[in-house]
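Asks: Pasting a structure below so you can have a look.
The values are calculated or read from the model by the stated rules, or taken from the named source; none is laboratory data. The model shown is predicted, which means the values in this text are computed figures rather than measured ones. As a convention, Cβ positions derive from the backbone with ideal geometry for all residues, glycine included, and neighbour counts pool all protein chains shown. Heavy atoms of the whole protein, side chains included, go into the accessibility calculation; ligands, DNA and RNA do not. Shrake-Rupley method; radii C 1.70, N 1.55, O 1.52, S 1.80 Å.
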Protein chains: 2
Amino acid sequence: MFELIKAAAAHIKGHAHRTPVMTSRTLDAKTGAAVYLKCENFQRAGAFKFRGAFNAISQLSDAEKARGVLTYSSGNHAQAVALVCRELGVSATVVMPGNAPATKRAAAEGYGATIVEYDPAARQREDIANEMAAAHGYTIVPPYDHTDVVAGQGTAALELFEEVGELDYLLAPCGGGGLLSGSAIAGKGMCPSCKVVGVEPALADDATRSFRTGKLHTVHNPPTIADGTRTPYLGKVTFPLVLKYVDDMQTVTEAAIIAAVRFLLYRAKLVVEPSGALGVAALLSGAAAVTGRVGVILSGGNMDAATLTTILNH
Amino acid sequence: MFELIKAAAAHIKGHAHRTPVMTSRTLDAKTGAAVYLKCENFQRAGAFKFRGAFNAISQLSDAEKARGVLTYSSGNHAQAVALVCRELGVSATVVMPGNAPATKRAAAEGYGATIVEYDPAARQREDIANEMAAAHGYTIVPPYDHTDVVAGQGTAALELFEEVGELDYLLAPCGGGGLLSGSAIAGKGMCPSCKVVGVEPALADDATRSFRTGKLHTVHNPPTIADGTRTPYLGKVTFPLVLKYVDDMQTVTEAAIIAAVRFLLYRAKLVVEPSGALGVAALLSGAAAVTGRVGVILSGGNMDAATLTTILNH
């Protein structure tokens, strides 16, 4: 898999941003570590998702590109697929629950995607996606459970190691495990001694329980503010990768997530969405007891006014 | 003066951050220009003010350092002086109005400064500062009207040109004119063809009127959200420099300032305070009709929850 990440880095070059690595004296002072923040909030479409979407879609055949791409997501992956498709001249269809926030729908539509609504109480999004793909010839680019998507997401950690050298720890958020497994493979490839730690909200701790037991656990619609981690379970591709490459999983409270977003906003002047702040939440709350040189993937920065207001008023 | 800016760059090296230059495809698309954002919101203590404070205080004699430094400011300059003094082992006293926000006072105190309150209705801050300096031997480091402060502030623009090369325009906010005149001197020194444009809130347009008429105009406590530009007039040092080196001044509405802060927050994922967003406000509102390669100084990122909430709810 590490070779696939290096290949993905070549595929996305000149299309995805090589995002900056930021540091914060205050964060270092509070944690006693040297912390390197990989700022995927500055990635195109506002999150790491552009990497995996570009790596997957750019490798489709001309015939597949001509038939179009379909995905299911109400979040950052939908925007990333829509933007990549616009850039590559591919039609994009996004299956999205009818109750998805209007801002998320508008963002994907703004990049030119066609939205297909469904009733999440009545149907599974994967079933609708499979039906539509069969009927129209679309290629499905799922949000995480796909080797090319995982490889693309791993390029963020690859760039981090290229820029800062060896790390003692690498912290990455975990939703469906695409970013985490890609980061872990890149981490072990670049620096075998680096401990890779996945971070989840305590309210959405399916991956932590799966990791600890070796059996797939699920959660459904967990009420966490970290909306990027509301995925119900690790995937067929990502679960074995997480088991093989990740060293530990930690959970953080909602209060710790909100405190981390506020810290990044007020002190580091970075807009980072709740899911993106999980690594910093683990550091500041002490959930991840780490020392030395610590890399943290700030995975995205897309937040609507309601979420931001909730965080400011907390 | 350009030589003083180059000397200041040497003085601050290793102490001030060399802040990143960011770009935004969306901003370029909206403006039709290639815009380079010099991110002084990531500067130490959250604003460009650290540069001038460090340049001035680090050049004091040992005897002056032993007697201590005094300044008057309720904003970013106070924090910068306090932080620089802490770093250099110098005692810092800040004269601040009794009605200054508690967060601003706490920030300067957090860096170890002693706060002296005064009643702004009864007395001028400069008078109190002069009395205290005479009584205690403090060296006054004013917020803008001082050659070493101006030279320090000019290093941000110097770094911008060093990083991106020639520019057609350079936009900088204008309060007391320290940042603007420093930026203009650096700009003309690095790229004589570059047009330097100062930007003010329309509600606090004293510098624009002074620039256009050649006579010093004043405003008192203008009700602009851009609190860094509420200074009543250009200084004895800065006014002649603005007249000599600045090509044009433009004003922007409060609505344009708020829209710029929101754009930077939601799209660029950058926390920039209202005063710091004046250049982007001029670009997005069309107040500054510029083309080609455009540099913008994002001067700071310090905002309290009340200001940010006002902006989000606007």
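Asks: Once amide H atoms are placed 1.01 Å from N in the peptide plane, what residues at a sequence separation of 5 or more from B:Thr93, or on another chain, have their amide H within under 5 Å of its amide H?
Replies: Amide H neighbours of B:Thr93, under 5 Å, 5+ apart: B:Val69, B:Leu70, B:Thr71, B:Thr114.
Asks: Placing +1 at every Lys and Arg Cβ and -1 at every Asp and Glu Cβ, with all other atoms neutral, what dipole size does the protein assembly as shown have around its Cα centre, in debye to the nearest 20?
Replies: 280 debye
Asks: Keeping all protein chains in position, work out how much accessible area B:Thr231 exposes to a 1.4 Å probe, and write it in Å² to the nearest 10.
Replies: Accessible surface of B:Thr231 is approximately 30 Å².
Asks: Within the protein assembly as shown, which cysteines find no other Cys whose Cβ is under 4.7 angstrom from their own?
Replies: A:Cys39, A:Cys85, A:Cys174, B:Cys39, B:Cys85, B:Cys174 - these cysteines have no disulfide-compatible partner (Cβ-Cβ under 4.7 Å) in the protein assembly as shown.
Asks: Could you give each residue of segment B:64-81 its phi-based ³J(HN,Hα) in whole Hz, using Karplus coefficients 6.51, -1.76, 1.60 with θ = phi - 60°, and x for Gly or Pro?
Replies: Karplus values, whole Hz, x for Gly and Pro: 5, 4, 5, 7, x, 10, 10, 9, 10, 4, 10, x, 5, 5, 4, 5, 5, 4.
Asks: Something else about it: Only four residue types carry charge here, +1 at the Cβ of Lys and Arg and -1 at the Cβ of Asp and Glu. Report the dipole size of segment A:166-286 about the Cα centre in Debye, rounded to the nearest 20.
Replies: Taking the Cα centre of segment A:166-286 as origin, the dipole is about 120 debye.
Asks: Report the antiparallel proportion of the DSSP beta bridges in chain A as a percent, rounded to a multiple of 5.
Replies: 10 percent
Asks: On to the next question. Which one of B:Ala92, B:Leu70, B:Ala82 has its Cα pushed farthest toward the positive end of the charge dipole of segment B:50-140, where Lys and Arg give +1 and Asp and Glu give -1 at the Cβ?
Replies: Positive-most Cα among the choices belongs to B:Ala82.
Asks: Rounded to the nearest 20 Debye, what is the dipole magnitude of segment A:172-234 about its Cα centre when Lys and Arg each give +1 and Asp and Glu each give -1 at the C-beta?
Replies: Computed about the Cα centre, the dipole is about 240 debye.
Asks: Could you tell me which of B:Gly286, B:Cys194, B:Thr213 has its Cα farthest along the dipole of segment B:156-314 towards the positive end, charges placed at Cβ (Lys, Arg +1; Asp, Glu -1), taken about the Cα centre?
Replies: Comparing the listed Cα positions along the dipole, B:Thr213 ranks first.
Asks: What accessible area, summed over both chains, is buried at the B-A interface (1.4 Å probe, Å², nearest 100)?
Replies: Numbers: alone 12360 and 12370 Å², together 22830 Å².
The summed interface area works out to 1900 Å².
Asks: Sequence-distant or interchain residues sharing an amide H contact under 5 Å with B:Asn302, placed H: which?
Replies: Those lying under 5 Å, H to H, from B:Asn302 are B:Glu273.
Asks: Ignoring ligands, DNA and RNA, what percent of the 1.4 Å accessible area of segment A:50-140 is carbon and sulfur?
Replies: Percent of accessible area from carbon and sulfur atoms in segment A:50-140: 47.
Asks: Compute accessible area for segment A:266-280 by itself and then with all protein chains, 1.4 Å probe, and report residues whose area falls by 20 Å² or more.
Replies: Going by heavy-atom accessible area, the residues of segment A:266-280 that drop by at least 20 Å² are A:Tyr266, A:Lys269, A:Val271.
Asks: Through the Karplus equation 6.51 cos²θ - 1.76 cosθ + 1.60, θ set to phi - 60°, convert the phi angles of segment A:219-235 into ³J(HN,Hα) values in whole Hz; use x for Gly and Pro.
Replies: For segment A:219-235, the Karplus-derived couplings read 10, 10, 6, x, x, 8, 6, 7, 5, x, 10, 7, 4, x, 6, 5, x Hz, x marking Gly and Pro.
Asks: Would you pull out the residues with amide H under 5 Å of B:Gln250's amide H, same chain only if 5 or more places away, H placed 1.01 Å from N?
Replies: For B:Gln250, whose amide H was placed from the backbone, the distant partners under 5 Å are B:Gly198, B:Val199, B:Glu200.
Asks: Convert each backbone phi in segment B:8-20 into a coupling constant with the Karplus relation 6.51 cos²θ - 1.76 cosθ + 1.60 (shift: θ = phi - 60°), then list the ³J(HN,Hα) values in order as whole Hz, x for Gly and Pro.
Replies: Result, rounded to whole Hz: 4, 4, 5, 4, 7, 4, x, 10, 6, 6, 7, 6, x.
Asks: What 222 nm value per residue comes from the helices of chain A, counting each DSSP H run with n ≥ 4 as -39,500 (n - 2.57) and dividing by all residues, nearest 500 deg cm²/dmol?
Replies: Here the helix-only value at 222 nm equals -13500 deg cm²/dmol.
Asks: Can you work out the accessible area per residue across segment A:50-140, with the rest of the protein chains kept in place, probe 1.4 Å, in square angstrom?
Replies: With the other protein chains kept in place, segment A:50-140 gives 42 Å² per residue.
Asks: Among B:Leu234, B:Ser275, B:Gly165, which residue has its Cα furthest toward the positive end of the charge dipole of the protein assembly as shown, with +1 on Lys/Arg Cβ and -1 on Asp/Glu Cβ?
Replies: B:Gly165
Asks: A follow-up question, please. Over segment A:50-140, calculate the relative contact order: mean separation of alpha carbon pairs under 8 Å at least 6 apart, over the residue count, as a percent.
Replies: Reported as a whole number, the value is 32 percent.
Asks: Could you compute how much accessible surface A:Glu126 exposes when probed at 1.4 Å, giving the result in Å² to the nearest 10?
Replies: Answer for A:Glu126: close to 60 Å² accessible.
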